[in-house]
Amino acid sequence: MEEIKWLESKKEWKGLKSIGMEEKTIIRGEERKKEYRYYISSLKEDIELFSRSVRGHWSVESMHWHLDVTFKEDANKTIDK
């Protein structure tokens with residue numbers, strides 16, 4: 001949504017144009033659970049672009065998780081963070 005006048009702290013995020021929500025359904029056996037994630041964005045209201053951006057974000061995050069779990073990247077003290 002681009003209607004964000006109600007957001008009191010919107011001036012704290014330079015370029016903020018919209019807020020998006022992702023609804024995710026997780027199914028494990030017979031159990032169904034819904035999760036909701038909210039995003040602040042500099043994108044105009046465009047559901048297709050928002051969907052691609054969210055999927056792209058989580059594909060990168062899952063790669064970072066894999067690097068940390070498999071190679072213990074976060075524990076590596078030789079990397080200058």
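Read-outs throughout are calculated quantities, based only on the coordinates presented, and are distinct from any laboratory measurement. As the structure is a computational prediction, the values presented were derived from the model and not from experiment. Don't worry about glycine lacking a Cβ; one is built from the backbone with ideal geometry, like all the others, and counts go over all protein chains shown.
At a Cα cut-off below 24 Å, give the lysines reachable from Lys17, other chains included and same-chain residues fewer than 8 away excluded. Qualifying lysines at Cα under 24 Å: Lys5, Lys44. Modelled spin labels at Lys17 and Glu2, positioned 7 Å past Cα toward Cβ, are 0.8 nm from each other.
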